[in-house]
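Peer 1: Below is one structure. I have some questions about it.
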Protein chains: 2
Amino acid sequence: MTSELIPAEFRGNLGFLVAKAKQLLSDELDVALRDSGLQIRHFAVLSLIRRRAGLRQTDLCEVLGVDRTTMVKVVDDLEGAGLLRREPHAADRRAHALQLTEAGEQWHSRTLVPVMDHEQQFLAPLSPGERALLQEMLTRLVDSALVRSADQKLARHP
Amino acid sequence: MTSELIPAEFRGNLGFLVAKAKQLLSDELDVALRDSGLQIRHFAVLSLIRRRAGLRQTDLCEVLGVDRTTMVKVVDDLEGAGLLRREPHAADRRAHALQLTEAGEQWHSRTLVPVMDHEQQFLAPLSPGERALLQEMLTRLVDSALVRSADQKLARHP
DNA sequence: TATTGTTATACTCTATAACTATA
DNA sequence: TATAGTTATAGAGTATAACAATA
(Lines give C-alpha, C1' and ligand atoms only; values in the text may rest on other atoms or scores of the structure.)
Protein backbone atom coordinates (compact mmCIF):
# COMPACT_ATOMS: atom_id res chain seq x y z
CA MET A 1 0.00 0.00 0.00
CA THR A 2 1.74 3.16 -1.17
CA SER A 3 -0.10 6.43 -0.91
CA GLU A 4 0.91 9.35 -3.05
CA LEU A 5 -1.48 11.80 -1.44
CA ILE A 6 -0.43 11.38 2.17
CA PRO A 7 2.96 12.97 2.93
CA ALA A 8 5.62 10.41 3.78
CA GLU A 9 6.18 11.99 7.20
CA PHE A 10 2.60 11.28 8.19
CA ARG A 11 1.95 7.90 6.63
CA GLY A 12 2.54 6.01 9.84
CA ASN A 13 1.09 8.75 11.99
CA LEU A 14 -2.11 7.68 13.69
CA GLY A 15 -3.05 11.19 14.80
CA PHE A 16 -2.82 12.51 11.28
CA LEU A 17 -4.76 9.58 9.82
CA VAL A 18 -7.57 9.79 12.35
CA ALA A 19 -7.84 13.58 12.01
CA LYS A 20 -7.90 13.39 8.21
CA ALA A 21 -10.41 10.54 8.23
CA LYS A 22 -12.67 12.59 10.48
CA GLN A 23 -12.33 15.69 8.31
CA LEU A 24 -12.96 13.87 5.03
CA LEU A 25 -15.89 11.83 6.36
CA SER A 26 -17.44 14.98 7.84
CA ASP A 27 -17.08 16.74 4.50
CA GLU A 28 -18.86 13.88 2.73
CA LEU A 29 -21.65 13.79 5.30
CA ASP A 30 -22.09 17.55 4.99
CA VAL A 31 -22.87 16.95 1.33
CA ALA A 32 -25.67 14.60 2.34
CA LEU A 33 -27.15 17.31 4.57
CA ARG A 34 -26.42 20.41 2.49
CA ASP A 35 -30.04 20.92 1.36
CA SER A 36 -31.45 20.88 4.87
CA GLY A 37 -29.31 23.65 6.32
CA LEU A 38 -28.65 21.38 9.29
CA GLN A 39 -25.51 19.58 10.46
CA ILE A 40 -24.46 16.10 11.50
CA ARG A 41 -24.92 17.27 15.06
CA HIS A 42 -28.63 17.92 14.51
CA PHE A 43 -29.01 14.53 12.87
CA ALA A 44 -27.27 12.90 15.84
CA VAL A 45 -29.59 14.62 18.31
CA LEU A 46 -32.66 13.42 16.44
CA SER A 47 -31.19 9.90 16.29
CA LEU A 48 -30.88 9.86 20.06
CA ILE A 49 -34.31 11.32 20.83
CA ARG A 50 -35.94 9.01 18.35
CA ARG A 51 -34.82 6.00 20.34
CA ARG A 52 -35.13 7.56 23.77
CA ALA A 53 -37.96 10.04 23.77
CA GLY A 54 -38.00 12.41 26.73
CA LEU A 55 -34.24 12.96 27.05
CA ARG A 56 -33.13 16.26 28.65
CA GLN A 57 -30.79 18.70 26.96
CA THR A 58 -27.98 17.89 29.40
CA ASP A 59 -28.27 14.20 28.51
CA LEU A 60 -27.42 15.13 24.95
CA CYS A 61 -24.50 17.30 26.06
CA GLU A 62 -22.82 14.37 27.71
CA VAL A 63 -22.98 12.18 24.61
CA LEU A 64 -22.03 14.83 22.06
CA GLY A 65 -19.38 16.37 24.30
CA VAL A 66 -20.57 19.97 24.13
CA ASP A 67 -21.51 22.50 26.78
CA ARG A 68 -25.16 22.97 27.74
CA THR A 69 -25.06 26.56 26.50
CA THR A 70 -24.08 25.21 23.09
CA MET A 71 -26.86 22.66 23.16
CA VAL A 72 -29.47 25.40 23.61
CA LYS A 73 -28.70 26.63 20.08
CA VAL A 74 -28.84 23.13 18.57
CA VAL A 75 -32.23 22.44 20.14
CA ASP A 76 -33.40 25.93 19.12
CA ASP A 77 -32.46 25.12 15.51
CA LEU A 78 -34.35 21.84 15.57
CA GLU A 79 -37.38 23.32 17.27
CA GLY A 80 -37.33 26.25 14.83
CA ALA A 81 -37.33 23.78 11.95
CA GLY A 82 -40.31 22.02 13.53
CA LEU A 83 -38.41 18.74 13.98
CA LEU A 84 -38.71 18.46 17.76
CA ARG A 85 -40.63 19.89 20.70
CA ARG A 86 -39.58 20.94 24.19
CA GLU A 87 -42.21 19.43 26.46
CA PRO A 88 -42.49 19.64 30.25
CA HIS A 89 -40.50 16.93 32.02
CA ALA A 90 -42.71 14.74 34.18
CA ALA A 91 -40.19 14.22 36.98
CA ASP A 92 -38.26 17.52 36.97
CA ARG A 93 -39.87 20.87 36.33
CA ARG A 94 -36.53 22.52 35.56
CA ALA A 95 -35.89 20.23 32.60
CA HIS A 96 -37.38 19.79 29.16
CA ALA A 97 -38.44 16.40 27.84
CA LEU A 98 -37.47 16.42 24.19
CA GLN A 99 -39.82 14.77 21.71
CA LEU A 100 -39.63 14.26 17.95
CA THR A 101 -42.44 15.77 15.92
CA GLU A 102 -43.98 13.89 13.03
CA ALA A 103 -41.91 16.09 10.70
CA GLY A 104 -38.81 15.25 12.73
CA GLU A 105 -39.50 11.55 12.40
CA GLN A 106 -39.95 11.91 8.64
CA TRP A 107 -36.89 14.11 8.14
CA HIS A 108 -34.75 11.67 10.10
CA SER A 109 -35.76 8.60 8.13
CA ARG A 110 -35.57 10.48 4.84
CA THR A 111 -32.09 11.84 5.66
CA LEU A 112 -30.84 8.49 6.90
CA VAL A 113 -30.62 7.27 3.29
CA PRO A 114 -28.08 9.79 1.91
CA VAL A 115 -26.16 9.72 5.19
CA MET A 116 -25.77 5.94 4.96
CA ASP A 117 -24.92 6.19 1.26
CA HIS A 118 -22.08 8.60 1.91
CA GLU A 119 -20.81 6.47 4.77
CA GLN A 120 -20.81 3.44 2.47
CA GLN A 121 -18.96 5.44 -0.18
CA PHE A 122 -16.34 6.34 2.39
CA LEU A 123 -16.01 2.69 3.42
CA ALA A 124 -15.91 1.38 -0.15
CA PRO A 125 -12.16 0.60 -0.06
CA LEU A 126 -12.76 -1.93 2.74
CA SER A 127 -14.28 -5.40 2.49
CA PRO A 128 -17.30 -6.21 4.70
CA GLY A 129 -15.03 -8.14 7.06
CA GLU A 130 -12.60 -5.25 7.27
CA ARG A 131 -15.40 -2.80 7.99
CA ALA A 132 -16.57 -4.91 10.91
CA LEU A 133 -13.02 -5.14 12.18
CA LEU A 134 -12.45 -1.40 11.90
CA GLN A 135 -15.65 -0.71 13.78
CA GLU A 136 -14.72 -3.15 16.50
CA MET A 137 -11.22 -1.75 16.91
CA LEU A 138 -12.42 1.87 16.98
CA THR A 139 -15.03 0.92 19.57
CA ARG A 140 -12.32 -0.59 21.74
CA LEU A 141 -10.07 2.49 21.39
CA VAL A 142 -12.87 4.98 22.07
CA ASP A 143 -14.17 2.99 25.01
CA SER A 144 -10.74 2.77 26.58
CA ALA A 145 -10.05 6.48 26.06
CA LEU A 146 -13.44 7.37 27.56
CA VAL A 147 -12.57 5.35 30.66
CA ARG A 148 -9.22 7.17 31.00
CA SER A 149 -10.94 10.51 30.51
CA ALA A 150 -13.52 9.71 33.19
CA ASP A 151 -10.78 8.55 35.57
CA GLN A 152 -8.91 11.81 35.14
CA LYS A 153 -12.03 13.82 35.88
CA LEU A 154 -12.61 11.78 39.04
CA ALA A 155 -8.98 12.32 40.05
CA ARG A 156 -9.43 16.08 39.77
CA HIS A 157 -12.68 16.07 41.79
CA PRO A 158 -12.17 13.28 44.32
CA MET B 1 -17.36 -6.51 22.92
CA THR B 2 -20.01 -4.53 24.72
CA SER B 3 -19.40 -0.91 25.46
CA GLU B 4 -21.20 0.81 28.29
CA LEU B 5 -19.86 4.25 27.53
CA ILE B 6 -20.88 4.53 23.89
CA PRO B 7 -24.66 5.02 23.46
CA ALA B 8 -26.32 2.04 21.77
CA GLU B 9 -27.54 4.27 18.93
CA PHE B 10 -23.99 5.12 17.94
CA ARG B 11 -22.16 1.86 18.52
CA GLY B 12 -22.25 0.84 14.87
CA ASN B 13 -21.91 4.41 13.66
CA LEU B 14 -18.61 5.00 11.90
CA GLY B 15 -18.98 8.78 11.86
CA PHE B 16 -19.47 8.90 15.60
CA LEU B 17 -16.59 6.52 16.27
CA VAL B 18 -14.13 8.38 14.03
CA ALA B 19 -15.14 11.78 15.42
CA LYS B 20 -14.85 10.57 19.02
CA ALA B 21 -11.52 8.86 18.35
CA LYS B 22 -10.20 12.09 16.87
CA GLN B 23 -11.47 14.15 19.79
CA LEU B 24 -10.11 11.82 22.47
CA LEU B 25 -6.72 11.35 20.79
CA SER B 26 -6.42 15.12 20.32
CA ASP B 27 -7.19 15.64 23.99
CA GLU B 28 -4.48 13.17 25.01
CA LEU B 29 -1.93 14.75 22.66
CA ASP B 30 -2.80 18.20 24.02
CA VAL B 31 -1.72 16.92 27.42
CA ALA B 32 1.66 16.03 25.95
CA LEU B 33 2.03 19.60 24.65
CA ARG B 34 0.38 21.55 27.45
CA ASP B 35 3.61 22.93 28.89
CA SER B 36 4.81 24.35 25.58
CA GLY B 37 1.79 26.49 24.82
CA LEU B 38 1.84 25.04 21.32
CA GLN B 39 -0.55 22.69 19.52
CA ILE B 40 -0.36 19.50 17.48
CA ARG B 41 -0.48 21.69 14.42
CA HIS B 42 2.80 23.39 15.36
CA PHE B 43 4.37 20.02 16.02
CA ALA B 44 3.20 18.79 12.62
CA VAL B 45 4.68 21.81 10.85
CA LEU B 46 8.05 21.25 12.51
CA SER B 47 7.89 17.55 11.59
CA LEU B 48 7.46 18.47 7.94
CA ILE B 49 10.15 21.15 7.80
CA ARG B 50 12.56 18.94 9.65
CA ARG B 51 12.44 16.40 6.86
CA ARG B 52 12.09 18.86 4.02
CA ALA B 53 13.91 22.05 4.86
CA GLY B 54 13.03 25.03 2.69
CA LEU B 55 9.29 24.33 2.30
CA ARG B 56 7.06 27.36 1.63
CA GLN B 57 4.10 28.28 3.78
CA THR B 58 1.67 27.30 1.03
CA ASP B 59 3.21 23.83 0.86
CA LEU B 60 2.22 23.38 4.51
CA CYS B 61 -1.30 24.67 3.84
CA GLU B 62 -1.95 21.93 1.35
CA VAL B 63 -0.92 19.15 3.72
CA LEU B 64 -2.62 20.49 6.83
CA GLY B 65 -5.74 21.59 4.98
CA VAL B 66 -5.83 25.19 6.20
CA ASP B 67 -5.90 28.51 4.40
CA ARG B 68 -2.67 30.46 3.84
CA THR B 69 -3.97 33.29 6.03
CA THR B 70 -4.29 30.79 8.86
CA MET B 71 -0.79 29.45 8.26
CA VAL B 72 0.70 32.93 8.76
CA LYS B 73 -0.32 32.79 12.42
CA VAL B 74 1.05 29.27 12.92
CA VAL B 75 4.42 30.24 11.44
CA ASP B 76 4.36 33.47 13.45
CA ASP B 77 3.89 31.44 16.63
CA LEU B 78 6.79 29.14 15.78
CA GLU B 79 9.06 31.99 14.76
CA GLY B 80 8.09 33.91 17.89
CA ALA B 81 9.06 30.89 19.96
CA GLY B 82 12.38 30.77 18.13
CA LEU B 83 11.72 27.32 16.70
CA LEU B 84 11.95 28.21 13.01
CA ARG B 85 13.14 30.97 10.72
CA ARG B 86 11.69 32.53 7.57
CA GLU B 87 14.59 32.71 5.15
CA PRO B 88 14.65 34.05 1.59
CA HIS B 89 13.64 31.45 -0.97
CA ALA B 90 16.39 30.83 -3.51
CA ALA B 91 14.10 30.31 -6.49
CA ASP B 92 11.17 32.64 -5.70
CA ARG B 93 11.57 36.00 -4.04
CA ARG B 94 7.90 36.13 -3.06
CA ALA B 95 8.19 33.02 -0.93
CA HIS B 96 9.83 32.13 2.37
CA ALA B 97 12.02 29.08 2.74
CA LEU B 98 11.23 27.73 6.21
CA GLN B 99 14.12 26.37 8.27
CA LEU B 100 14.23 24.81 11.72
CA THR B 101 16.44 26.56 14.24
CA GLU B 102 18.64 24.58 16.60
CA ALA B 103 16.03 25.20 19.31
CA GLY B 104 13.32 23.95 16.94
CA GLU B 105 15.27 20.77 16.29
CA GLN B 106 15.71 20.21 20.02
CA TRP B 107 12.12 21.00 20.92
CA HIS B 108 10.86 18.62 18.24
CA SER B 109 12.96 15.67 19.32
CA ARG B 110 12.26 16.37 22.99
CA THR B 111 8.50 16.64 22.38
CA LEU B 112 8.41 13.57 20.18
CA VAL B 113 8.77 11.39 23.30
CA PRO B 114 5.57 12.38 25.16
CA VAL B 115 3.67 12.60 21.87
CA MET B 116 4.59 9.02 21.03
CA ASP B 117 3.89 7.92 24.60
CA HIS B 118 0.38 9.30 24.48
CA GLU B 119 -0.23 7.75 21.08
CA GLN B 120 0.92 4.40 22.45
CA GLN B 121 -1.37 4.83 25.44
CA PHE B 122 -4.27 5.46 23.08
CA LEU B 123 -3.38 2.36 21.05
CA ALA B 124 -2.86 0.16 24.11
CA PRO B 125 -6.12 -1.80 23.60
CA LEU B 126 -4.83 -3.09 20.24
CA SER B 127 -2.21 -5.76 19.60
CA PRO B 128 0.78 -4.85 17.40
CA GLY B 129 -0.79 -6.69 14.48
CA GLU B 130 -4.08 -4.86 14.97
CA ARG B 131 -2.31 -1.50 15.10
CA ALA B 132 -0.64 -2.17 11.77
CA LEU B 133 -3.96 -3.25 10.31
CA LEU B 134 -5.74 -0.15 11.60
CA GLN B 135 -3.07 2.08 10.14
CA GLU B 136 -3.26 0.32 6.80
CA MET B 137 -7.05 0.52 6.64
CA LEU B 138 -7.14 4.19 7.62
CA THR B 139 -4.48 4.95 5.00
CA ARG B 140 -6.65 3.27 2.38
CA LEU B 141 -9.77 5.17 3.45
CA VAL B 142 -8.03 8.56 3.63
CA ASP B 143 -6.28 8.03 0.32
CA SER B 144 -9.50 7.08 -1.41
CA ALA B 145 -11.38 10.04 0.09
CA LEU B 146 -8.57 12.41 -0.94
CA VAL B 147 -8.86 11.17 -4.52
CA ARG B 148 -12.64 11.77 -4.51
CA SER B 149 -12.14 15.20 -3.00
CA ALA B 150 -9.57 16.12 -5.66
CA ASP B 151 -11.86 14.81 -8.42
CA GLN B 152 -14.69 16.98 -7.18
CA LYS B 153 -12.48 20.06 -7.17
CA LEU B 154 -11.39 19.31 -10.74
CA ALA B 155 -15.02 18.87 -11.79
CA ARG B 156 -15.85 22.32 -10.41
CA HIS B 157 -12.88 23.96 -12.17
CA PRO B 158 -12.52 22.01 -15.42
C1' DT C 1 -26.35 23.84 47.93
C1' DA C 2 -26.58 21.94 43.41
C1' DT C 3 -28.68 21.57 38.86
C1' DT C 4 -31.54 22.86 34.35
C1' DG C 5 -32.04 25.92 31.00
C1' DT C 6 -31.17 30.55 29.39
C1' DT C 7 -28.87 34.95 28.03
C1' DA C 8 -25.05 38.00 27.44
C1' DT C 9 -20.52 38.13 26.47
C1' DA C 10 -15.84 37.26 25.25
C1' DC C 11 -12.60 34.35 23.03
C1' DT C 12 -10.87 31.44 19.51
C1' DC C 13 -10.64 29.82 15.01
C1' DT C 14 -11.19 30.36 10.29
C1' DA C 15 -11.76 32.17 5.80
C1' DT C 16 -12.76 36.32 2.43
C1' DA C 17 -11.18 40.61 0.51
C1' DA C 18 -7.77 43.64 -0.52
C1' DC C 19 -3.01 44.86 -0.67
C1' DT C 20 2.36 44.32 -2.04
C1' DA C 21 5.84 42.27 -4.28
C1' DT C 22 7.00 39.34 -7.18
C1' DA C 23 6.42 35.52 -11.11
C1' DT D 1 -2.57 37.42 -15.20
C1' DA D 2 -1.48 34.62 -11.46
C1' DT D 3 0.75 33.55 -7.03
C1' DA D 4 3.19 34.13 -2.02
C1' DG D 5 2.68 36.34 1.95
C1' DT D 6 0.36 39.75 4.80
C1' DT D 7 -3.29 42.50 7.14
C1' DA D 8 -7.86 43.77 8.47
C1' DT D 9 -12.11 42.06 9.24
C1' DA D 10 -16.26 39.45 9.60
C1' DG D 11 -18.41 35.07 10.63
C1' DA D 12 -18.97 30.78 13.00
C1' DG D 13 -18.39 28.15 17.03
C1' DT D 14 -17.46 27.69 21.67
C1' DA D 15 -17.25 28.28 26.57
C1' DT D 16 -17.55 31.29 31.06
C1' DA D 17 -20.37 34.02 34.14
C1' DA D 18 -24.54 35.21 35.95
C1' DC D 19 -29.45 34.64 36.39
C1' DA D 20 -34.24 32.38 37.48
C1' DA D 21 -36.60 28.39 38.58
C1' DT D 22 -36.45 24.21 40.77
C1' DA D 23 -34.29 20.12 43.06
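Peer 1: Averaged across B:130-139, how many Cβ atoms of other chains sit within 10 Å of each residue's Cβ atom?
Peer 2: 6
Peer 1: Roughly how much accessible area, to the nearest 100 Å², goes out of reach of solvent when A and B pair up, both sides summed, probe 1.4 Å?
Peer 2: When A and B are taken together, about 5700 Å² of accessible area is lost.
Peer 1: Another question, if that's okay. What average number of partner chain Cβ atoms lie no more than 10 Å from the Cβ of the residues making up B:59-68?
Peer 2: Average per residue, whole number: 2.
Peer 1: So how exposed is B:E105, as accessible area in Å² (1.4 Å probe, rounded to 10)?
Peer 2: Around 70 Å² of this residue is reachable by solvent.
Peer 1: Once you have a ≥ b ≥ c as the square roots of the Cα gyration tensor eigenvalues for the protein assembly as shown, tell me rounded if a/c is under 1.5, and otherwise prolate or oblate according to whether a/b is larger than b/c.
Peer 2: Cα axes put the protein assembly as shown in the prolate bin.
Peer 1: Under a crude label model (7 Å from the Cα following the beta-carbon direction), how far is A:D27 from A:Q121 in nanometres?
Peer 2: 1.2
Peer 1: What dipole magnitude, in Debye to the nearest 20, does chain B give about its Cα centre under +1 on Lys/Arg Cβ and -1 on Asp/Glu Cβ?
Peer 2: Roughly 600 debye, rounded to the nearest 20.
Peer 1: With the label 7 angstrom out along Cα to Cβ, how close does A:R34 come to the same site in each of the other copies, in nm, nearest first?
Peer 2: 4.1
Peer 1: Each label point is 7 Å from the Cα along the Cα-to-Cβ direction; what then is the distance between the points at A:L112 and A:A132, in nm?
Peer 2: The two pseudo-label positions are separated by 2.2 nm.
Peer 1: Which chain B residue sits with its beta carbon nearest the axis carrying B onto A, and how many Å away is it, rounded to a whole number?
Peer 2: Its Cβ sits closest to the axis: B:K22, 2.
Peer 1: Round to a whole number: what % of the accessible area of the range B:111-150 belongs to carbon and sulfur, probe 1.4 Å?
Peer 2: 66
Peer 1: What's the Kirkwood radius of the range B:1-66 in Å, using all Cα pairs?
Peer 2: 14.5
Peer 1: Give the accessible surface of the range A:32-125 per residue, rounded to a whole number of Å², with probe radius 1.4 Å and ligands, DNA and RNA excluded.
Peer 2: Value returned for the range A:32-125: 56 Å² of accessible area per residue.
Peer 1: Can you bin the range A:74-119 into rounded, prolate or oblate? Criterion: square roots of the alpha carbon gyration tensor eigenvalues sorted a ≥ b ≥ c, rounded for a/c under 1.5, prolate for a/b above b/c, oblate for the rest.
Peer 2: Note, shape of the range A:74-119 comes out prolate.
Peer 1: Let me know the Kirkwood hydrodynamic radius for the range A:28-158, please, with Cα pairs as the basis and the value in Å to one decimal.
Peer 2: Kirkwood hydrodynamic radius for the range A:28-158: 16.8 Å.
The values are calculated or read from the model by the stated rules, or taken from the named source; none is laboratory data. Keep in mind the model is a prediction, meaning the values are calculated, not measured. So basically every Cβ, Gly included, is an ideal-geometry build from the backbone, and we count neighbours across all protein chains shown. SASA here: full protein model, heavy atoms, side chains in, ligands and nucleic acids out. Shrake-Rupley method; radii C 1.70, N 1.55, O 1.52, S 1.80 Å.
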